[in-house]
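Colleague: What follows is a single structure, and I will ask about it in a moment.
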Amino acid sequence: MAAKKSEVDKPERSPMVILFAETRGFTGMSDMLEPGVVLARVGEFVTLVSEVVESHEGAVVDILSDTMMTTFTGQDDAQHAVEAAQEIHARFGILAEAWQRDFGIRAAVSMGLHCGDAVVGFAENSPAPEQLFVFGDCVSVANRLLHRARAGEFVLSETLLDLATEMGVSVDAEELPPLEIPRREPIRLFGVLLEERLDFTRQ
């Protein structure tokens, strides 16, 4: 469930995990499908991610087309976020099979996850005072990791992976080339990868 204004009393800086999720392959197909079919499939994706995130005590913060930004806060945020990513990955695989069978759509979900402090609150003087804003380095890094993830895979930072592992989460991840950001230490990354890379270029 998206956070409501009544749930955030005042702007604050707090630790959290950011999880970005988006479909791959689907956008390219959307020009060839009936608008109603496109929107119904987007609705299924948004519903799936929202249900999983909320069941793991997270919240949906933003939706832009088929890209979703979600947050997890609290003592077990790392565990909840990584387990949510694993469940989204598994459940979308079933959904993707139905899309291909019923509509000829080949699609996958990709995700990026990172943790850190973020500023959270509502901008009272903005045109949309009910919109919750989440700002911070952890948001920009998680978004970069989303774009590092290939179709059907998810990428997470070593910091988040270590925290989740300490909480008992089993993650079959491989080390990836680190994220290089000017004037700071490289961020070590790990990916939950597919044995064979998905290729949607020939759809």
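The values are calculated or read from the model by the stated rules, or taken from the named source; none is laboratory data. Treat the numbers as computed from the prediction; the structure is a model and nothing was measured. Note that we place each Cβ from the backbone using ideal geometry, even for glycine, and neighbour counts take in every protein chain shown.
Colleague: Which residues, taken from the stretch 146-203, are touching a strand residue (DSSP E or B) at 6+ places or on another chain (Cβ under 6 Å) and assigned to a loop (DSSP other than H, G, I, E, B)?
Modeller: A149, A151, G152, E153, A173, P186, L193, L198
Colleague: Filter the stretch 19-57 for residues that are aliphatic (A, V, I, L, M) and within 18 Å of L113 (Cβ to Cβ); which is surrounded by the fewest Cβ atoms within 10 Å (Cβ to Cβ)?
Modeller: L48
Colleague: Considering V171, V134, which residue is more than 14 Å from the chain's Cα centre (by Cα) and at pLDDT below 95?
Modeller: Residue meeting the stated conditions: V134.
Colleague: For the subset of the stretch 33-51 comprising residues that are among the charged types (D, E, K, R) and part of a helix (DSSP H, G or I), which member is farthest from G104 (Cα to Cα)?
Modeller: Only one residue fits best here, namely E51.
Colleague: Shifting gears a bit: Is it the case that the stretch 105-124 has a residue that's more than 30 Å from S30 (Cβ to Cβ) and hydroxyl-bearing (S, T, Y)?
Modeller: No, because not a single residue in the stretch 105-124 is more than 30 Å from S30 (Cβ to Cβ) and hydroxyl-bearing (S, T, Y).
Colleague: Let me ask something else about it. List every residue pair whose Cβ atoms lie under 7 Å apart, where the two residues are 6 or more positions apart in sequence or sit on different chains, the first residue falls within the stretch 78-103 and is surrounded by fewer than 20 Cβ atoms within 10 Å (Cβ to Cβ), and the second residue, located anywhere, is among the basic types (K, R).
Modeller: Taking only residues 6 or more apart or on different chains, the pairs are Q100/R106.
Colleague: Please count how many residues of the stretch 119-142 are buried (at least 16 other Cβ atoms within 10 Å of the Cβ) and assigned to a loop (DSSP other than H, G, I, E, B).
Modeller: 1
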